[in-house]
Structures are given as structure tokens and as C-alpha cells.
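One structure is given here, and the rest of the page talks about it.
The values are calculated or read from the model by the stated rules, or taken from the named source; none is laboratory data. Keep in mind that what you see is a predicted model, and the values were worked out from it rather than measured. Cβ placement follows ideal geometry from the backbone for every residue including glycine, while neighbour counts extend to all protein chains displayed. What goes into the accessible areas is simple: the full protein's heavy atoms, side chains included, and nothing from ligands, DNA or RNA. Shrake-Rupley method; radii C 1.70, N 1.55, O 1.52, S 1.80 Å.
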Amino acid sequence: MITTRNWILVAILLLLGAVPAAAAYFEQPFYLDLLRRVMIFAIAAVSLNLILGYGGMVSFGHAAYLGIGGYAVGILAHHGIHSGWLQWGLAIGASALVALAIGAISVRTSGIYFIMITLAFTQMLYYLGISIEEYGGDDGMRVPVRSQFSGLVDLNDGTQFYFLVLGILAASLFLVHRLVNSRFGMVLQAIRSNEARTRAIGFSPYPYRLAAFVISGAMCGLAGALLVNHTAYLTPEFMNWTRSGELMFMVILGGIATSAGPLLGAAVLLLLEDVLQGWSLLPREAVRDHWQLYLGIFLVLVVLFARRGLAGLLPGKNE
Amino acid sequence: MNYILIAEQTLNGLQLGVMLFLLAAGLTLVFGIMNLVNLAHGALYMVGAYLTTWFYQATGSYLLAVVLGLAGTLAVGIVTELVALRTLYERDHLDQVLATFGLILIFNELIAIVWGRAALYSTIPDYLSGHVQLTDSLRYPLYRLVIIGVGLAVAVLLWFTVSRTRIGMLIRAGASNRAMVAALGVNIRLLYTIVFGVGAALAGLAGLLSGPIYAVQPGMGELILIQVFVVIVIGGIGSIRGAFAGALIVGMVDTMGRAFLKPTLATVLSPTAAETAGPALASMLIYLLMAAVLAFRPEGLFPSRGS
Amino acid sequence: MNKLLLETRELRKTFGALVATDGVDFDVREGETHAVIGPNGAGKTTFIKQISGELRPDSGEIRFAGDDITALPAPQRSHKGLARSFQITSIYREFSALENVALAVQAHAGHSFRFWRAAREDPALTGPAIRILEEIGLDRRKDVLAANLSHGEQRQLEIAMALATRPRLLLLDEPVAGMGTDESQRMIELLATLKGEKTIVLVEHDMDAVFTLADRISVLVYGRIIATGTPVEIRANQEVRAAYLGEDS
């Protein structure tokens with residue numbers, strides 16, 4: 001069953017597919033770069049939406065998996081291994097393992113505990129990144145060689161890289177769409193909706209929530225591998241707690257537990273940041289230097305007054 | 001091992017511990033009684049440090065600066081509660097996290113607009129500087145001893161208030177059963193504002209005390225806030241006793257880890273391996289401790305909820 | 001015929017100084033409808049929560065179909081054949097009526113680590129769910145969001161979810177609470193059709209429902225069962241009249 005909303009999402013993806021041609025025509029390669037960044041964060045937000053939106057787990061530590069994905073690529077590259085298959089495989093596998101470890105402890109808890117624990121473990125990984133001098137420590141390190149895929153795709157070619165990211169974004173959206181409508185997804189949403197009832201009809205929440213947590217972490221790890229290829233630079237800042245907050249904000253801004261929400265949220269937030277930092281209409285310094293002030297005000301206003309998110313404005317039935 | 005060094009690090013651990021306690025005490029009550037996730041608690045710590053530093057520079061009187069700094073933080077805290085946080089009590093945790101995350105950005109930028117992004121140089125008056133000869137061979141900074149003294153005094157005062165007074169009874173009842181307190185006909189709004197104000201003032205106190213030791217700069221609140229979360233998770237949400245125990249444990253473990261882990265590892269590993277693993281492990285230690293506590297006591301060491 | 005399906009022995013649960021369940025011995029025979037009545041605060045909900053597995057007793061034993069289930073968590077009890085409805089309506093408000101029941105069917109159709117096929121279009125789940133909705137008289141409302149059903153329909157939906165787990169024992173916690181006369185009459189008729197087919201433990205305030213449906217009645221007062229017997233015996237029991245029924249009339 002394909003809803004109006006999902007047709008709109010498909011249309012957005014098709015539009016994104018037309019961007020490289022348009023960017024080349026108007027000679028604005030900068031936008032290709034910006035949209036690639038938007039799509040990479042959208043993949044991370046899609047993965048977070050699976051547990052935050054559909055699973056009701058307020059994870060304040062999702063940036064951890066961006067970091068692990070990034071470090072998996074960066075560390076292998078540092079030691080001269082440039083195979084994308086290995087790098088990205090490690091990014092996904094290591095993220096899944098870390099999510100399993102963090103999830104095994106945190107998923108048993110709920111409410112404020114869950115929020116603080118996911119935040120704390122991510123901070124632990126952040127400090128770990130800072131303290132390992134071998135891989136750049138505090139300053140991070142350059143990852144000058146992009147992942148190599150036996151000549152299949154060339155990530156040094158901006159357009160090819162762009163289409164690869166777009167493809168992975170589309171695949172992530174489709175995967176989450178299937179997941180949340182499967183038996184597994186129904187249980188996940190049931191636990192969010194009414195845990196006592198779900199236990200009473202015979203489901204133990206723990207394994208389902210943990211599985212979702214691991215899937216989500218692995219998907220975000222892949223986004224991390226893409227991000228480090230995009231920036232060609234790896235720093236512990238990938239795992240900064242404000243990053244986790246931004247990912248959550250993308251999901252809320254776009255519309256929690258909707259398929260198009262994470263993409264819309266990532267796009268609006270990152271484009272807004274870009275605009276605020278380069279806005280020429282207002283006194284430049286006041287806005288550019290303190291754009292986080294406006295972001296903060298925007299965030300508070302969205303939470304207080306626009307709870308349904310941008311996807312709620314789209315035509316079609318609310319999911 | 002060097003016993004002088006151990007004694008000195010124990011005092012350092014105690015000093016970090018009471019600092020964390022000052023922050024954790026207010027926050028754990030806000031969690032427990034209002035069921036509010038307040039990320040902006042660290043911002044009040046920052047406000048306390050800035051206001052006091054600024055007042056000290058402006059007036060030249062440290063005591064006056066401390067009084068004004070505390071009053072200012074209290075005022076900022078209460079205004080924040082009235083304007084923004086009050087509307088969040090009935091919202092879910094996700095909204096609370098995001099809105100208070102937004103508040104952090106706002107506070108940090110406002111501070112940066114007023115005082116700039118560079119770290120402020122915070123001083124202490126002469127009568128608090130210098131060292132104290134504790135034993136023949138142990139000299140310890142007077143100011144850090146003062147912090148320990150103030151922290152322990154506050155702990156005793158809080159313990160007395162919570163366990164021996166009427167308001168303390170309400171606070172304890174509120175932390176374990178909010179609906180019950182509301183049913184007793186207590187003005188719950190007022191209780192919330194009082195608890196939040198006290199928490200804000202304690203955060204400001206921690207901030208002004210820490211100013212001369214750590215850097216006074218925008219964002220200083222968040223780094224310590226996450227450590228405070230670890231304290232509260234270990235101690236158990238809503239429990240002053242838990243906050244105290246958790247704070248001392250975290251303060252000690254963190255300080256000892258940073259001081260002794262590398263040399264200890266060097267006795268078993270190669271020096272280069274210890275050079276890498278020591279700092280890495282030391283920075284992870286309190287989080288691993290938290291994981292261990294949670295594995296055995298998911299509600300923390302002193303759970304106050306439900307029962 | 002008179003085999004015991006559920007028994008509790010010396011069941012005890014305290015909250016601080018409050019003794020909510022005070023050494024309760026309670027038997028339910030296979031096939032009977034056994035009502036538990038008692039004044040407010042008698043510990044009925046605490047008692048039913050221990051049977052369903054939401055609360056662990058301090059001491060004592062619960063046996064179901066001959067097995068000791070005292071330490072078993074709620075989901076596993078459901079798999080053994082215990083189903084419960086809640087005193088305060090407990091459904092998935094943002095799911096349709098059909099999805100609510102289909103989830104309960106799914107809970108007992110093997111594990112749910114199936115990640116790909118759309119559950120809503122799976123006849124193995126929707127088929128039995130629709131049949132149960134028909135049985136209960138909600139089939140015409142199957143696509144309505146549960147939040148938009150009337151109170152009475154929501155209570156029926158809860159019974160449907162309990163039935164969908166194909167239970168051996170139904171624990172019904174005040175199924176007619178908060179209903180108007182018409183609605184509660186319909187609910188009593190519905191429960192009457194289940195009577196005999198299923199073993200039922202019925203916790204209820206509504207004496208109409210209790211005396212219409214119950215084969216046996218146990219009276220719980222201050223955490224103790226002061227009497228168990230047929231409706232006729234309970235009506236005649238002086239102690240019960242003094243402790244409970246007397247207050248009502």
C-alpha cells in the first residue's frame with residue numbers, strides 16, 4: 001500500500017536525482033556538496049527515527065555511530081587499507097557491535113535513565129577518540145584517500161559519489177519502511193504505544209527493542225562512513241553530544257515516525273545553518289558569529305509550537 | 001607508591017566529588033520531583049561562574065561578588081523556570097530534551113555576546129590563595145580545601161533540610177510519589193519553583209567555586225553536566241543521598257584513574273602500550289563504572305522511586 | 001470436569017505497612033466463571049496483578065494448569081494461556097481495531113523477528129483477527145482507530161484482544177466499569193456467550209454482572225478471602241452481608 005505521503009517522498013528523491021545535471025548546467029557545484037551532506041545526515045536521521053519515532057526510545061547518543069563508522073574508515077585508511085568493502089563493512093559491523101553493547105545495558109531502562117545513559121556512553125566514546133593520539137586525538141586526522149570499490153564507483157567523482165549517497169538514502173528509507181510495517185515493526189510500535197498491554201498479550205519488549213537499537217546503530221554507522229568520505233577529515237567532533245542533539249532535532253523538525261520526516265528535517269536544519277552562517281541581509285557578524293542563538297530559539301519554538309513537524313504539513317493522511 | 005601523592009589525589013578526588021554533588025543535588029531533585037530532563041542545568045553553572053567573576057572585577061569585593069553571583073544565578077534560574085521550563089512539565093521527555101538543548105545554545109551564545117568566546121580569567125582574593133601545610137611533607141592549596149569545606153557544609157545542610165523539615169518531607173514525598181503530594185493540597189507549583197531555585201543556586205555555587213580552577217568560557221557547563229548525569233545514574237534519580245555517594249565515587253574514580261592508571265598499567269604492559277591505554281582507559285573509567293552499576297542495580301545505588 | 005486450572009496458596013503482598021494480599025488461597029476450576037468481589041481497597045487489583053505476572057508476590061505460590069508460575073514474567077504467562085483485560089482500558093489507541101487484535105494474534109503465532117513482509121496484509125494474522133471481531137460484534141468497526149471507538153467498544157476490543165491469544169483462562173478486571181446501562185447489558189450478554197467455553201476470573205463491582213455470570217464467588221476483604229461459594233450461598237452468608245453487601249443495600 002503506497003500512501004500519498006510516500007509518493008511525495010519518491011518525488012523528492014527523483015528531484016534529488018536531477019540535481020547534479022542542474023548543478024552542472026548552472027555551474028553551481030557547491031550545491032551538490034551541500035545536498036550530499038544533507039543526504040548523509042538524512043540517512044543518520046532515518047536510522048534514528050526507527051528507534052526514536054517508531055520505537056519510542058529517546059536516544060541522546062546517536063552521534064556515537066557516526067563516529068564509529070567514521071573511525072572504522074579512518075583507521076583502516078590510516079593503515080593503508082583503502083578497500084571500501086572492508087572499510088564500510090567494518091563501519092557497519094563495529095557500529096552494530098557497539099550498539100549491541102550499549103543497547104544491552106540501556107534498553108532495559110526507560111525514561112530519563114535511557115536518555116542519560118545513551119548520552120553518557122557516547123561521551124565516553126568521544127573522550128576515547130580524544131585520548132587516542134595515534135588517530136589524531138583531539139585534533140583529528142585527515143583521511144585524504146576515499147574508499148575504493150574495485151573500480152565500480154569512484155568517490156572522487158562528485159557526481160558518482162552523490163548518486164551513491166542518494167542510492168543509499170533511498171535504500172535506507174525503503175528498508176525502514178518495510179521494517180516498520182513488518183511483524184517486527186508492529187511489535188516495536190506496540191511497545192511504544194502501550195508497554196503493559198504488549199507484555200500482557202505475550203511479547204517481551206527487550207529483544208525487540210534491542211534488535212531495533214542494533215539495526216539503527218548499524219545504519220547510522222554507514223552514514224558515518226559516508227560522512228568521513230565526504231569531509232575527508234575525521235575528528236572526535238563526529239561524536240560530540242551536540243551532534244546527537246541535532247540528529248534528534250532533525251527527526252522532530254521533519255516529523256517524528258513519518259517516512260519523509262528525517263529527510264525534510266535534515267534538509268531544513270542544514271540549509272538553515274548554511275543560510276544563517278552566510279546571511280548577508282542582516283549585520284553579518286551579529287548573525288554569522290552567533291547563528292547558534294537563532295538556532296536555539298528556532299529549536300525551542302519548534303518544540304513548543306510545531307510538534308507535528310514538517311511532514312504534518314504535507315497532504316495525505318498522518319501515519 | 002608515594003603516600004603523599006595518594007593523599008593529595010584523594011583530596012583532589014574529594015574536591016571534584018563535592019563539586020559534582022553541588023550540581024547533582026539540584027538536578028536529581030528536578031528529575032525526581034518534576035520528572036523534567038533539564039539539560040540547561042549546566043548553563044546555570046556557567047552563569048554562576050561568569051556573574052561572580054564579573055562582579056568581583058567590578059566591585060573588588062569577593063564576598064560581595066559571591067552574594068551577587070548567587071543571587072543572580074537564582075534569579076536567572078527562576079526566570080527560566082517561569083518562562084520556559086514550566087510549560088515543559090506536562091510534555092514528554094523528548095520535548096524536554098530538545099527544548100532544554102535549545103536553551104543551552106541560547107545561554108552559550110548570550111554569554112558569548114556579552115563576554116566573548118575567550119576564556120575569562122577568574123581570580124581569588126589573597127586570603128584564599130596560598131597553600132596549607134597539612135603534614136610535614138604535604139602542602140595543599142587553601143582554596144581547594146575551602147571548596148571541600150563548603151561542599152560538605154552544603155551536603156549537611158541539605159541532608160538536614162530534606163530529612164528533618166516539613167519542606168524536606170514534601171520533597172521526599174514528591175520524589176517518590178508526585179500525585180500523592182498534589183493530592184495533599186500542597187501548592188505544587190510553588191514547591192517546583194522552590195526546588196528549581198535551590199537547584200539553580202547550588203549550580204551557581206558550583207560554578208563560582210570552580211571558576212578559578214577550571215576555565216570560565218561558554219560551553220563550560222555541558223562538559224561537567226554529562227559527568228553529573230553519570231553521578232545521578234549511579235546514585236539513583238531523586239535521591240540526595242544517592243547524589244552524594246555517586247558524586248564522591250565518580251570524583252574519586254575519575255581523579256585516581258587519571259593519576260594512577262598509566263603508571264599502574266606500565267608495570268604490566270610495555271611503556272608505550274601504557275602510554276596509549278592509560279589515558280584512554282582513564283577517560284572512560286566513570287562510564288564503565290556506570291555500566292557496571294547499571295548491570296547490577298538498574299535503578300542506581302539509592303533508588304527513591306516507587307518502592 | 002472439576003480439575004483446578006488456577007490455584008494460589010498463601011499469597012502475600014505488602015506495600016510498606018499496607019498488607020494488600022494477606023495469605024490468599026484461591027481456586028479456579030476448569031470451565032467455571034469465578035467472580036472476585038470486595039469493597040474498594042480490598043486488594044482486588046493487586047491480587048489480579050499477581051496472577052497476571054505484573055507484580056511479584058512477597059511469598060506464596062501461584063499454580064496454573066499444574067505448573068508453578070510464581071516467578072514467571074507476564075509475557076510468558078500469556079503464552080501459557082493466561083489473558084487479562086485491564087480495569088482502565090488498555091489498548092493501542094493509534095492502531096485500528098483490526099490491528100489491535102491482529103497484534104494479539106501475532107503474539108501467539110511464533111516469534112515476531114520477521115522484518116520484511118507487511119504484517120497488515122498477512123492473512124495469517126488478519127484472518128483470525130477478523131473472525132474474533134465478528135464473534136465479539138466489532139467487525140463493522142474494524143478499520144476505525146481504537147482511540148475513536150466508544151468507551152463500550154473499547155472495552156469489547158480489550159476482550160477481543162484477550163481472546164485472540166487463545167487463552168485457557170480469562171482474567172477480566174472490571175469489564176463493565178464506567179459503562180452505561182445499555183452498554184453494560186451488552187457486555188454481560190457478550191460475556192455470557194463466553195461462559196462455559198472459557199474459564200473466567202471476573203473481578204467486578206457490578207452485582208448484576210456478578211450474579212448473572214458467576215458460578216462461584218469469592219469475597220475479598222482487606223486482602224483476605226472471607227468466603228467462597230455459589231451465588232446463593234454468598235447471598236445468604238451473614239459475614240459477607242455484614243462486611244460488604246450490607247454496606248451496599
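Hey, can you find the accessible area per residue of chain A for me, probe 1.4 Å, expressed in square angstrom?
37
Between A:Val275, A:Val107, A:Val187, the residue with the greatest mean-square fluctuation in the GNM of chain A (Cα pairs under 10 Å linked by springs) is A:Val275.
Give the relative contact order (percent, whole number) for chain C; include only Cα pairs under 8 Å separated by 6+ residues. Spell out each step's value before the answer.
Values: 460 pairs, mean separation 66.6, N = 249.
Relative contact order here is 27 percent.
Under a Gaussian network description of chain C, with springs only between Cα atoms under 10 Å, the residue in C:Ala102, C:Ala71, C:Ala118 that fluctuates furthest is C:Ala118. If a spin label sat at a point 7 angstrom from the Cα of B:Thr264 along the line to its beta carbon, the backbone N atoms of segment B:282-305 nearer than 17 Å would be those of B:282-293.
Extending 7 Å from Cα along the Cβ direction at A:Leu272 and again at A:Ala22 yields two label points whose distance is 2.2 nm.
In peptide A:124-136, what is the residue-averaged number of other protein chain Cβ atoms found within 10 Å of each Cβ?
Details: counts 10, 2, 2, 10, 6, 2, 3, 9, 5, 4, 2, 0, 0.
Across A:124-136, the average partner-chain Cβ count within 10 Å equals 4.
Hey, any idea what % of segment A:4-313's accessible area is carbon plus sulfur with a 1.4 Å probe? Before the final figure, lay out each step's value.
Values: 7220 of 11040 Å².
It is 65 percent, rounded to a whole number.
Normalised by 2.2 N^0.38 Å, where N is the number of residues, the alpha-carbon radius of gyration of segment B:1-47 equals 1.61. Solvent exposure of chain B, expressed per residue, is 41 Å² of accessible area, with all protein chains present and a 1.4 angstrom probe. Surface composition of segment B:1-69: carbon plus sulfur atoms hold 69% of the accessible area, using a 1.4 angstrom probe and ignoring ligands, DNA and RNA. Structure note, pairs C:Lys142/C:Lys195; C:Lys44/C:Lys142; C:Lys142/C:Lys198; C:Lys80/C:Lys195; C:Lys49/C:Lys142; C:Lys3/C:Lys44: Cα-Cα distances above 22 angstrom occur for C:Lys142/C:Lys195; C:Lys44/C:Lys142; C:Lys142/C:Lys198; C:Lys49/C:Lys142; C:Lys3/C:Lys44. Per the accessible-area calculation with a 1.4 Å probe, the total area buried between chain A and chain B rounds to 4000 Å². Size descriptors for chain A (Cα atoms only): Rg and Dmax, in that order, 19.3, 61 Å. Against chain B, whose longest principal axis is taken from its Cα atoms, helix B:3-29 shows a tilt of about 10°.
Would you mind giving the mean number of other chain beta-carbons within 10 Å of the Cβ of each residue in C:104-110, as a whole number? Please list the in-between numbers first.
Details: counts 7, 1, 7, 9, 2, 1, 1.
Across the residues of C:104-110, the mean count of other-chain Cβ atoms within 10 Å is 4.
Across segment B:24-111, Cα pairs under 8 Å and at least six residues apart give a relative contact order of 36 percent.
Calculated [222 nm] ellipticity per residue, helices only, for chain C: -9500 deg cm²/dmol; basis is -39500 (n - 2.57) per DSSP H run with n ≥ 4, divided by all residues, nearest 500. Restricting the calculation to Cα atoms, chain B yields a radius of gyration followed by a Dmax of 19.9, 66 Å. List the residues, sorted by chain then number, that are 5 or more residues from C:Ile225 or on another chain and whose placed amide H is less than 5 Å from its amide H. Excluding prolines and chain starts, which carry no amide H, the hits are C:Asp25. Shape descriptor for segment C:91-166: Rg over Rh equals 0.95 (Cα atoms; Rh from the Kirkwood inverse mean 1/r). The C-alpha atoms of chain B define a longest principal axis, and helix B:220-235 lies at about 80 degrees to it.
Convex hull volume of the Cα atoms in segment B:37-185, per residue, in Å³? Let's see the in-between values first.
Numbers: hull volume 26.0 nm³, N = 149.
Dividing the Cα hull volume of segment B:37-185 by its residue count gives 175 Å³.
How many percent of Cα pairs in the protein assembly as shown exceed 55 Å? Mind showing how you got there, number by number?
Details: 74959 of 382375 pairs.
When every Cα pair of the protein assembly as shown is considered, 20 percent fall beyond 55 Å.
Each label point was placed 7 Å from the Cα along the Cα-to-Cβ direction; for A:Leu100 and B:Arg189 their separation is 5.3 nm.
Helix-only estimate, please: 222 nm mean residue ellipticity of chain B, summing -39500 (n - 2.57) across DSSP H runs of length 4 or more and dividing by its residues, to the nearest 500. Don't jump to the answer; show the numbers that get you there.
Numbers: 11 runs with 225 residues, N = 307.
Only helices count here, giving -25500 deg cm²/dmol.
Here the Gaussian network model covers chain B, with springs between Cα atoms less than 10 Å apart; of B:Gly26, B:Gly149, B:Gly69, B:Gly149 fluctuates the most.
Quickly estimate the mean residue ellipticity at 222 nm for chain A, helices only: each DSSP H run with n ≥ 4 gives -39500 (n - 2.57), and the total goes over all residues, rounded to 500.
Details: 13 runs with 224 residues, N = 319.
That calculation yields -23500 deg cm²/dmol at 222 nm.
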